[in-house]
Amino acid sequence: YIRCKRAILIVSNNHLNRGSIHEELFQYPNVFWSKNDTKSILTAIKKIQESNFIEPPKDYPLKYSRSFQMEKLIDLLKSIGFKNV
């Protein structure tokens with residue numbers, strides 16, 4: 001969704017705006033959070049419909065590219081001892 005410049009709706013039973021998803025998407029301006037109930041989800045959808053897409057920081061989507069993710073995987077493999085990567 002990030003690479004396609006889409007809004008993201010995250011529905012959670014637990015705490016909103018916390019945890020690994022929040023940390024990962026912290027700088028992405030088009031994330032909407034909702035509790036897992038009908039009223040909250042409908043409110044979030046309305047907010048999405050009323051919002052304008054905000055451009056994220058220039059290089060933000062690049063970290064979700066296949067090439068960047070492959071580089072991270074290679075670095076990880078090297079860090080755990082693989083030499084022929």
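The values are calculated or read from the model by the stated rules, or taken from the named source; none is laboratory data. Everything numeric in this text was worked out from a predicted model, so none of it was measured. Note: ideal-geometry Cβ built from the backbone for every residue, glycine included; neighbour counts use all protein chains shown. Quick note on the areas: whole protein, heavy atoms, side chains included, nothing else; ligands and nucleic acids left out. Shrake-Rupley method; radii C 1.70, N 1.55, O 1.52, S 1.80 Å.
For the reader, a short list of remarks on this structure follows.
- Check on residue 27, open to solvent by 100 Å² or more (accessible area, probe 1.4 Å) and either hydrophobic (A, V, I, L, M, F, W, C) or within 12 Å of the chain's Cα centre (by Cα) (or both): yes
To keep it simple, each residue is scored yes or no on (1) touching a residue at least 24 places away in the same chain (Cβ under 8 Å); (2) part of a strand (DSSP E or B); (3) open to solvent by 60 Å² or more (accessible area, probe 1.4 Å).
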site: 2; (1), (2), (3): yes, no, no
site: 17; (1), (2), (3): no, no, yes
site: 21; (1), (2), (3): no, no, yes
site: 42; (1), (2), (3): no, no, yes
site: 52; (1), (2), (3): no, no, yes
site: 67; (1), (2), (3): no, no, yes
site: 74; (1), (2), (3): no, no, no
site: 85; (1), (2), (3): no, no, yes
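- Within region 49-85, the set of residues being within 21 Å of residue 2 (Cβ to Cβ), hydrophobic (A, V, I, L, M, F, W, C) and modelled with pLDDT under 90 comprises 53, 54, 62, 68.
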